[in-house]
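Chemist: For reference, the structure I am asking about is given below.
The values are calculated or read from the model by the stated rules, or taken from the named source; none is laboratory data. Everything numeric here is computed off the predicted structure, so don't read it as measured data. When we count neighbours, we look across all protein chains shown, and the Cβ atoms used for this are built from the backbone with ideal geometry, even at glycine.
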Amino acid sequence: MSHDDRVEVPDVTGLGAVEACGAVRAAGLSPRGPQHAPEPIDGTIIQQDPAPGVSVNIGNDVTLWSDNGRAAQEVLDPDLSTATAPMT
């Protein structure tokens, strides 16, 4: 694999989900949600992996967390030891 097969991961934190996914695709990468979920479609991107500026192979996945949904809450409050079970 040559150096030309690598790209820099764009910084998409703070962008809307649709705009962020577009920027990731424009860089030759594949946007994904956390834990193999589909790419986020709403909200604002609050975290990404790999980090901005990292050099990766074209076609690699970039995991995006938005401020909507369960995955975003886990990023913001990862200590679930105090969580309570939902009432049924």
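Chemist: Hey, any hits in the stretch 8-21 for a residue that's modelled with pLDDT of 95 or more, of a type outside the set (Val, Ile, Thr) and closer than 12 Å to Gly59 by Cα? Break it down into steps so the answer makes sense when it comes.
Modeler: Taking the stretch 8-21 as the starting set, the residues that turn out to be modelled with pLDDT of 95 or more are 8-21.
Checking which are of a type outside the set (Val, Ile, Thr) leaves us with 8, 10-11, 14-17, 19-21.
Subsequent filtering for residues that are closer than 12 Å to Gly59 by Cα retains 8.
Yes: one or more hits.
Chemist: Then there is this: Of all residues in the stretch 1-28, how many are β-branched (Val, Ile, Thr), within 20 Å of Asp67 (Cα to Cα) and either out of contact with any strand residue (DSSP E or B) (no Cβ under 6 Å at 6 or more places or on another chain) or part of a loop (DSSP other than H, G, I, E, B) (or both)?
Modeler: Counting residues in the stretch 1-28 that are β-branched (Val, Ile, Thr), within 20 Å of Asp67 (Cα to Cα) and either out of contact with any strand residue (DSSP E or B) (no Cβ under 6 Å at 6 or more places or on another chain) or part of a loop (DSSP other than H, G, I, E, B) (or both) gives 3.
Yes/no per residue for (1) surrounded by 13 or more Cβ atoms within 10 Å (Cβ to Cβ); (2) without any contact (Cβ under 8 Å) to a residue 24 or more places away in the chain; (3) not β-branched (Val, Ile, Thr):
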residue: Thr13; (1), (2), (3): yes, no, no
residue: Ala17; (1), (2), (3): yes, no, yes
residue: Cys21; (1), (2), (3): yes, no, yes
residue: Ser55; (1), (2), (3): no, no, yes
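Chemist: Conditions first: (1) touching a Phe, Trp or Tyr at 6+ places or on another chain (Cβ under 8 Å); (2) more than 13 Å from Ala17 (Cα to Cα); (3) not β-branched (Val, Ile, Thr). Pro40 passes all but one, so which condition is the exception?
Modeler: Result: Pro40 fails condition (2) only.
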